[in-house]
Amino acid sequence: MILIRRPRSCPASLLVDKMKKGLYLTLLLPLLAGALEFNGVFQSNMVLQRGVPLTISGKASPGEKITLSFAGHTLKGTASQDGSWRLVLPALEGSGKNRSMILQGKDKKIVLENILTGEVWFCSGQSNMHWKLFQSLNGKEIASRSDHPQIRTLMVDANTSVKPLESFKGSWRPLTPGNAGKLSGVGFFFARELHRQLGIPIGLVCVTRGGTMIEPWTPGDAWDPYPAVKKQVEQIYKKTPGQKPRLQDWIQNQPHLIYNGAIHPLRHITCRGVIWYQGCSNVWNDTEEIYFLKQKALFEGWKKAFDAPELKFYLVQLAPLKRPARYVRKHVDIWLAQQRFADTVRNVRMAVINDVGDLNNIHPVNKEPVGLRLARIALKYDYGRQVKADFPRPEKYIRKGSTVELAFRHASGWKTTDGKAVRNFETAGRDGKFHEAKAEISGKYLKISAPQVDKPVAIRYMYDACKMGNLVNEAGLPPGTFEVQIK
């Protein structure tokens, strides 16, 4: 028999209450003792970003003392009252040596193995970024010989959630012939080129989903600075009783849901930047101004979520595509919004692909040039390599009668991809009507003229989404959509 002596000043009801609380704490202690863990992005086989202080984080029992060891560094800390902990490793050099990270708590030790340090990039967007290597041109053959133990990938399903999640499904893996074909084709060629040129480990975090607008990828408060976007989004997502479901009504396209379900759980990782390929689905609803602001909101929201004010963002401009007549100009508006985003927002750059699309296929299979053009941008602007990565932009003009000579930044010469005449230039006179124009290559200049226009006041290029471009500079890079006003 066990006797419990009740203090004279303690009522029976209070004693029972204390016993219940004691029993609850006794049952809870084993759970708390086992609560030591890393946040989900920190796993065996991962790549850690080199060259910057690294925040490593996770959970433990409230107040638990912890020790973290990696690459000759030992850090000590204490879990906060909510059980979270954060320790900051000093900047590390790139290393292809597999090393272990050890986390020691009061009663538990966790060891992560085979960790490399190098360059980490985030790969995201809709179906053209989701398009797998094995679906791409020559992809199956390339995958079969892709044994790259120092390229590591974390492929995460773009799940949806009403509330921000903390966990996800996915594990870091070395790139092998067995799994390379399942990686994003654009992401594969980007990562492989960086690895070839830099000779250091590359980590690629891949979260993609076809048919998605930009809205579900955007954090919940990111539109607050842009009331025009908030108003437009509220209007297009307003449900009308009896109305046939629209593209934006699909669950995957509801605002913020993919960010909550797939991006938010990954926010603890440190990466150099993002490669992004999206916009096809926003053709249906958005003006140039609205999509420009939506891109800004996404980028600013991700920088805040990842606590990365210097995050790089390199996007792919949409390829040409035969669309219904009412959406041809809207496709051009997305081109203009993407170009404006790249031209005006710091740390944003864009790869133009109007010469390598497929007018009859929204998913062009030639993904290698896309990945390589993104890699060129990173090699020049993040790694100091002397490569030609910039896409031509009009810089100045000289009007000589009915002809305008255009000069460009990032173009010292021109050629066409098919050996034929330059296509897709138009010019307008004072009546504002545009006519198809001839573009003659003359060294670094393009001479633009049209017989219907004796005094040009405007020139534009690639204002028809249903036509492929064939103009490239000496490095094989095409100019994007533009319009020049002639004073």
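Every number in this text was worked out from the coordinates using simple rules, so none of it is lab data. What you see is a predicted model, and the numbers here were worked out from it, not measured in a lab. All Cβ positions, even for glycine, are placed from backbone atoms using ideal geometry, and neighbour counts span all protein chains on display.
Which whole-number percentage describes the relative contact order of region 346-487, with Cα contacts under 8 Å and a sequence gap of 6 or more?
Contact order relative to length: 26 percent.
Of MET101, LEU194, GLN126, which is farthest along the charge dipole of the chain in the positive direction, counting Lys and Arg as +1 and Asp and Glu as -1 at C-beta?
Working it through, the farthest residue towards the positive pole turns out to be MET101.
Along each of the three principal axes of the Cα atoms of region 181-258, give the extent in whole Å, ordering the values from largest to smallest.
Per principal axis, max minus min of the Cα coordinates gives 56, 30, 14 Å.
Quick one: putting +1 on the C-beta of Lys and Arg, -1 on the C-beta of Asp and Glu, what dipole do you get for the chain around its Cα centre, in Debye to the nearest 20?
Once rounded to the nearest 20, the dipole reads 660 debye.
Just one of [x] 0.97; [y] 1.00; [z] 1.09 is Rg/Rh (Cα atoms, Kirkwood Rh) as worked out from the coordinates here. Which one is it?
[z]
Using modelled backbone amide H atoms (1.01 Å from N, in-plane), which distant-in-sequence or interchain residues come within less than 5 Å of ARG323's amide H?
none
In what sequence do GLU215, GLU440 fall when counting other Cβ within 10 Å, fewest first?
Fewest-to-most ranking of GLU215, GLU440: GLU440, GLU215.
With a cut-off of at most 11 other beta carbons within 10 Å, and DSSP calling the residue loop, which trypsin sites (Lys or Arg not before Pro) in region 224-319 qualify? Please list them.
When the trypsin sites (Lys or Arg not before Pro) of region 224-319 are filtered for loop state and at most 11 Cβ neighbours within 10 Å, LYS238, LYS239 remain.
Measure off 7 Å from each Cα along the Cα-to-Cβ vector at ASN138 and ASN98, then give the distance between these two points in nanometres to one decimal.
3.1 nm
Do you know the relative contact order of the chain, to the nearest whole percent, from alpha carbon pairs under 8 angstrom that are 6+ apart?
Averaging sequence separation for qualifying contacts and normalising by length gives 12 percent for the chain.
Among HIS148, SER69, THR160, pick out the residue whose Cα is farthest towards the positive end of the charge dipole of the chain, where Lys and Arg carry +1 and Asp and Glu carry -1 on C-beta, about the Cα centre.
SER69
Any number yet on Rg/Rh for region 64-173, C-alpha, Kirkwood?
1.05
With +1 on each Lys and Arg Cβ and -1 on each Asp and Glu Cβ, how big is the dipole of region 119-381 about its Cα centre, in debye rounded to the nearest 20?
Dipole of region 119-381, to the nearest 20 debye: 280 debye.
Do me a favour and compute the ellipsoid semi-axes for region 52-128 from its Cα gyration tensor, root of five times each eigenvalue, largest one first, whole Å.
For region 52-128, the ellipsoid semi-axes come out as 25, 18, 12 Å.
Where Rh is the Kirkwood radius over the Cα pairs of region 393-485, the temperature 25 °C and the viscosity 0.890 mPa s, what D in µm²/s does Stokes-Einstein return?
Value of D from the Cα-based Kirkwood radius: 186 µm²/s.
Can you give the relative contact order of region 37-118 as a percent, counting alpha carbon pairs under 8 Å and 6+ residues apart?
36 percent
For region 121-219, state which trypsin sites (Lys or Arg not before Pro) are in a DSSP loop and have at most 16 other beta carbons lying within 10 Å of their beta carbon.
ARG145, LYS169
Between THR176 and THR416, 0.36 nm times their residue separation minus their Cα-Cα distance comes to what?
82.7 nm
Contour minus end-to-end for LYS447 and GLU166, with contour as 0.36 nm per residue of separation and end-to-end as the Cα-Cα distance?
Extending this stretch completely gives an extra 95.5 nm.
State the percent of C-alpha pairs, over all pairs in region 320-378, separated by a distance greater than 13 angstrom.
Roughly 68 percent, once rounded to a whole number.
Run lengths n ≥ 4 of DSSP H only: what is the helix-derived mean residue ellipticity at 222 nm for the chain, with -39500 (n - 2.57) per run over all residues, to the nearest 500?
Dividing the helical sum by the residues of the chain leaves -7000 deg cm²/dmol.
Along the charge dipole of the chain, pointing to its positive end and built from +1/-1 on Cβ of Lys, Arg, Asp and Glu, which listed residue (GLN338, ALA375, ASN260) has its Cα farthest out?
ASN260
Can you list which of the DSSP-assigned H helices in the chain have a Cα extent of 15 Å or more along the long axis and an average Kyte-Doolittle score of at least -1.0?
Span-like helices, by this rule, are 12-33, 185-198, 288-305, 325-344, 368-381.
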